[in-house]
């Protein structure tokens, strides 16, 4: 059901997170314009900075409040020198994923015109879908063992979560096919070595059999990583386990121009978090050089989520125009230094707003 205003929780986080979130909020407000609805923003504190000050990564009341929002926009979380008791970085985004069962991360990778990618072997336009609640990351809460000379984590695969993941992958393939993409799903696993991945593949085969109209293939993750470099254009929708997806999505970002252009959406059945794939980049804080595009494109995914959840075509139209404006600016400039330009965060933000039809 459409709404006059959508409640959006923002978690700007650490490092350059507040800078890129501020940019994305400005662009999203401009993209929505006079379409008859608005985005109502509420900002919350969480992350490594908060942990350093208070000993808490995300407050219980914040965790509850973000779950009441229509969507969540996150900046960047974590600082290299801020560690929890077990030696890992403070990462409330993982806690949010687990609390709200955000079982999949959608990570598009597109090489835009005007962006000098490290490769030029045909078009690069793929979607990596990473499972986000199981796999190797499921072992992050395990207590350390008694042996001071070894450590291990358990890799967990369940049928229930894998089926949801694969159904989502096939649904995304159909959507992409309708938009002119091949509509092909590629599973990445290591089923030749680990029985957990053999099970993962068997569940994929079961789901694929329910979607005979969608082409699918299965590749070992090591071979697929090589093919992503040699022939990135062969991939459309990639789906894989949590740890593999974390790595492969970064590879996809690298071959499509860099992490500053990589958006993502962590989705569940009732909640979603939208965030850039990049980190907090403490060395760029306050210099005005952070690339806001990944967060802005994450905002476009947020608008699409609202459109789908609330059957609101106004939000989908705004997302389409926002992406077109980003593509126009990337093609002609200005661009931030990570893309070979000299523009500031604010200059790129204002250029994208100016490129919007209703700005």
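We did not get these values from a lab; they are worked out from the coordinates using the rules stated. This structure is a prediction, so every number in the text was calculated from the model and none was measured. Cβ placement follows ideal geometry from the backbone for every residue including glycine, while neighbour counts extend to all protein chains displayed.
Distance from the C-alpha centroid of region 300-358 to that of region 121-177: 29 Å, rounded to the whole angstrom.
Per-residue packing, averaged as other Cβ atoms within 10 Å, sorts the ranges 174-181, 272-279 into the order 272-279, 174-181, beginning with the highest.
Between the entries (1) 75, 46, 35; (2) 54, 50, 43; (3) 50, 46, 39, the label attached to Cα extents along the principal axes in Å calculated for this structure is (2). What the Cβ-Cβ distance of residue 150 and residue 64 gives, at R0 = 41 Å and to the nearest 0.05, is a FRET efficiency of 0.60. Of all DSSP-defined beta bridges confined to region 1-131, some 40% are antiparallel rather than parallel. What is region 106-251 by shape, rounded, prolate or oblate, if you read a ≥ b ≥ c off the alpha carbon gyration tensor as root eigenvalues and call it rounded for a/c under 1.5, prolate for a/b larger than b/c, and oblate otherwise? It is oblate, given that a/c is not under 1.5 and a/b is not larger than b/c. If R0 equals 30 Å, the separation of the Cβ atoms of residue 225 and residue 83 corresponds to a calculated FRET efficiency of about 0.55. Take each peptide in 52-62, 31-41, 284-294, count the other Cβ atoms within 10 Å of every residue, and average; sorted highest first, the result is 284-294, 31-41, 52-62.
Maximal additional length on extending the residue 218-residue 95 stretch stands at 41.2 nm, based on 0.36 nm per residue less the C-alpha distance. When peptides 242-250, 93-101, 77-85 are ranked by their average number of other Cβ atoms within 10 Å per residue, the highest-first order is 242-250, 93-101, 77-85. Separation of region 47-112 and region 190-248, taken as the distance between their Cα centroids, equals 27 angstrom. Here the extension length gained between residue 210 and residue 310 equals 33.3 nm, from 0.36 nm per residue of separation less the Cα-Cα distance. If the chain linking residue 2 and residue 118 were pulled fully straight, counting 0.36 nm for each residue of separation and taking away their Cα-Cα distance, it would gain 37.5 nm. Dividing the helix sum by the residues of the chain, where each DSSP H run of 4 or more adds -39500 (n - 2.57), gives a mean residue ellipticity at 222 nm of -13000 deg cm²/dmol. Just check region 160-217 against the gyration tensor rule for me: Cα atoms, a ≥ b ≥ c as the square roots of the eigenvalues, rounded for a/c under 1.5, and otherwise prolate or oblate depending on whether a/b exceeds b/c. Prolate is the answer for region 160-217, as a/c is 1.5 or above and a/b outweighs b/c.
With both labels modelled 7 Å from their Cα along Cα-to-Cβ, the residue 324 to residue 163 distance reads 4.1 nm.
Across the chain, Cα pairs under 8 Å and at least six residues apart give a relative contact order of 23 percent.
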